[in-house]
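Laboratory data are not the source of any read-out in this text; all were calculated from the coordinates shown. Predicted, not measured: the structure shown is a model, and the values here were computed from it.
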Amino acid sequence: MYEDLYSLAMLKPEEVEEIKDLELRMSERTGQRISLVAYQADIASGKPD
């Protein structure tokens, strides 16, 4: 739907580790495997409504 408005976020290794830690904590808390994906808004394409 808005795929063209976002691109994968460019993250530092320590930021990726933070996301992995959060995935693990959320997975343990919910009992479900959680995967998080970091996107950034593509300013050139505009913003979704």
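Sequence-distant or interchain residues sharing an amide H contact under 5 Å with Tyr6, placed H: which?
For Tyr6, whose amide H was placed from the backbone, the distant partners under 5 Å are Asp42.
Let's test this: bin the Cα-Cα distances of region 3-45 at 5 Å from zero up to the farthest pair and state each bin's percent.
All Cα pairs, binned at 5 Å, distribute as 5, 22, 21, 17, 16, 13, 4, 1 percent.
Taking 0.36 nm per residue of separation and subtracting the Cα-Cα distance, what length does fully extending Ser35 through Ala9 add?
Numbers: separation 26, 0.36 × 26 = 9.36 nm, distance 1.50 nm.
Working it through step by step, the gained length comes to 7.9 nm.
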